[in-house]
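One structure is given below, encoded as structure tokens.
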Amino acid sequence: MSHNKYFQFKQFRIEQHFAAMKVNTDGVLLGAWTNIDGLDTVLDVGTGTGLIALMIAQRNQNSFITGIDIDQHAAVEAAENAGKSPWPDRISIQHISFQDFTETKSGKFSLIISNPPFFSNSVKNSNTRLSAARHNHLLPFADIISGTLRMVDEKGRLSIILPVDEADLFIEMAAKNGLFLRRIASVKPFPDKEPNRSLMEFSFLISETERTVFSVYNETKVNYSQEFIRLARDFYLKL
């Protein structure tokens, strides 16, 4: 989506010289789709450039967001992006793995949000940092789930985006551990394609799952769909 050295949004700029994972549609979708009602503390796991942390800060003025990343370059860049944003006092960035964070930190979060690495069985990239950003050998689903159980409060939520196949596995694993699917949006690239991403929200409460389907682009395949515009219009300069 963007290979520029920076990506300018309406209220903040993302510098992305060093982060292995650049600004992408998955992150924007998750940051815009996630339910932000009643948030006070948020944990952004694998924050990368800090994009999602900044989106949540913009959307909920009462939230305090901690972004963590195992990649030192990403953590430094995310901290700089947060520091130059309108909300430097509400975002803190730490260079730490989720596993270490959950074992060493106390306190509970009202939301854990993650655009995690998701290629589980594919050939790893020879660039180790890009591989870490894309492959889940450093952040397996089991660790996301167990860490969420430890760090989210009883009314809290987990919000995550995954490819459709991995999403089905994650939903099953989460349910076995008492985390239940509350909302799911199946995202298609174009109206005539099958969904390739699942936006998901989990909580400890069993409830009817709210299901939606939308595409990023409309029939023209060059213009964004109305649903995507509604999600992204507070962020994208061109919307």
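Values in this text are rule-based calculations from the coordinates and carry no lab data. Model, not experiment: these values are computed from the prediction. Reconstructed Cβ throughout: ideal geometry from the backbone, glycine too, with neighbour counts over all protein chains shown.
Here are the numbers for the structure shown:
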| item | result |
| --- | --- |
| Two-site label geometry, Gln61 and Thr104: point separation in nm, points 7 Å out along Cα→Cβ | 3.5 nm |
| Pair Tyr6, Leu237: separation of 7 Å Cα→Cβ label points (nm) | 1.0 nm |
| Packing rank of 152-163, 79-90, 207-218, 39-50, where each peptide gets the mean count of other beta carbons within 10 Å, highest leading | 39-50, 152-163, 79-90, 207-218 |
| Contact order relative to length of the chain, as percent, for alpha carbon pairs under 8 angstrom and 6 or more apart | 16 percent |
| Net length gained if the chain between Phe180 and Gln72 were fully extended (0.36 nm per residue, minus Cα distance) | 35.6 nm |
| Peptides ranked, highest mean first, by Cβ atoms within 10 Å: ranges 99-107, 64-72 | 64-72, 99-107 |
| Electrostatic dipole magnitude of segment 163-239 [Cβ: Lys, Arg +1; Asp, Glu -1; Cα centre; debye, to 20] | 300 debye |
| Over segment 142-206 - Rg/Rh using Cα atoms and the Kirkwood inverse-distance radius | 1.02 |
| Size-normalised alpha-carbon gyration radius of the chain, reference 2.2 N^0.38 Å | 0.94 |
| For segment 1-110: Kirkwood Rh in Å [reciprocal of mean 1/r, alpha carbons] | 13.8 Å |
| Label point distance in nm, Val222-His17, each placed 7 Å from Cα along Cα→Cβ | 3.5 nm |
| For segment 165-200 and segment 41-63, distance of Cα centres in Å | 21 Å |
| Residue-averaged [θ]222 nm for the chain, counting only DSSP H segments that reach four residues, each worth -39500 (n - 2.57) | -9000 deg cm²/dmol |
